[in-house]
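Only one structure is covered here, and it is reproduced in the block below.
No value in this document is a laboratory result; all are computed from the given coordinates. Remember, predicted model here, so these are calculated numbers, not experimental data. Neighbour counts are summed over all protein chains in view; Cβ atoms, including those assigned to glycine, are modelled from backbone coordinates with ideal geometry.
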Ligand code: KG4
């Protein structure tokens, strides 16, 4: 079965051709991040306009690189929630047009379910049930994947998403947008001197009575205070040490929660997903913790951590198998629970 998949939830326009769920025939991506970097973050109107400008050509390219023609497509899958509403609408409307023109089913896909499915592409042996952490620019969630389309939320951030926190701290340090990769690189420059630990003291906030829920805004504020204090007192800031301390704090918030939730739910497989899963410190900490706990860890390669359409086509396949279809009245939604 061949699915053409479309992803336009934020600032990446992506089209992929997937075969039988997990086989990527082509996966095309047009990243707008340079255009948004000028403004220090994603400008929704600019994102929508650029999606509209490139989506047609990107679809043609995906078909050409997959070596198939339009009439071989069996279904069209599209991200319809959550994300920037104008950006999502471009993908949803293009997908509707294509599904009508080709007379094939239209399959709506939740963006976070897509991120989880990135692991199915990278690891053919991975099957539900498993526990998953999704950490991206807009979401930080721990979910129990009971089956391909049966997903329950175990923990969530009450304020900023982890990726948003990376982006804001990076902007404060003048590292540009998107900040996660630059902050990761800066943290790697941190050289251990007298101690083995990054040396800025930062909080690891939690939510009373909700052990798997997370909070990142207090951590972000603590970094802002350190930077402003140093500026006011004219003290030098050790930026690599601050980047390393911040990254360690994020990792310390994420890793123990996931490990404890996996133990409590009796899940022996853990899959990490989303743009922040590309972080080298967080990846390394998860590898160590999983080994210590005797869990099998799945982390997709970097190209499958960030937004892409292959993951949407993969999840679209499983949604299709369970009978999920959309009509021409399909709408886009800025927010929607994954479960
Ligand atoms: O999954 P994604 O591409 O888009 C969303 O669905 O949001 O995630 C983007 C987020 C951004 O906040 C970006 O700064 C962060 O992932 N990110 C990273 C790294 N690479 C991307 N954060 C930390 N370390 C990285 N290496």
For the pair residue 39 and residue 235, what calculated FRET efficiency results from E = 1/(1 + (r/R0)^6), where r is the Cβ-Cβ distance and R0 = 41 Å, to the nearest 0.05? 0.85
Could you grab the relative contact order for the range 125-187? Cα pairs under 8 Å, six or more apart, rounded to a whole percent. 23
Divide, for the chain, the radius of gyration over alpha carbons by 2.2 N^0.38 Å, where N is the residue count. 1.01
Mean residue ellipticity (222 nm) of the chain, computed from DSSP H runs ≥ 4 via -39,500 (n - 2.57), nearest 500: -14500 deg cm²/dmol
How would you classify the range 1-127 from its alpha-carbon gyration tensor, with a ≥ b ≥ c the square roots of the eigenvalues: rounded for a/c under 1.5, else prolate if a/b is greater than b/c, otherwise oblate? prolate
Final fewest-first order of 247, 149, 8 on the 10 Å Cβ neighbour count is 149, 247, 8
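List 28, 125 from most exposed to least, where exposure is judged by having the fewest other Cβ atoms within 10 Å.
125, 28
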Please arrange 217, 59, 136 by counting, for each residue, the other beta carbons lying within 10 Å of its beta carbon, fewest first. 217, 59, 136
Mean separation of Cα contacts under 8 Å, 6 or more apart, over the residue count of the range 128-270: relative contact order %: 27
In degrees, nearest ten, helix 239-265 long axis to first principal axis of the chain (Cα): 60
On C-alpha positions alone, give me the angle between the axis of helix 85-102 and the longest principal axis of the chain, in degrees, nearest 10. 20
Considering Cα pairs under 8 angstrom that are at least six residues apart, work out the relative contact order of the chain and quote it in whole percent. 26
Distance in nm between label sites at residue 159 and residue 263, each 7 Å beyond Cα in the beta-carbon direction? 2.8
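On a full-extension model of 0.36 nm per residue, what is the gain between residue 321 and residue 149, subtracting their alpha-carbon distance, rounded to one decimal in nm? All intermediate terms of the calculation are to be shown ahead of the outcome.
Working: separation 172, 0.36 × 172 = 61.92 nm, distance 0.97 nm.
Length gained between residue 321 and residue 149: 60.9 nm.
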Inter-part distance where the range 1-65 and the range 301-318 are each reduced to a Cα centre, Å: 11
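Nearest 0.05, what FRET efficiency do residue 20 and residue 123 give at R0 = 22 Å with Cβ-Cβ as r?
Calculated transfer efficiency: 0.90.
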Stretchable slack from residue 189 to residue 217, in nm (0.36 nm times residue separation minus alpha-carbon distance): 7.6 nm
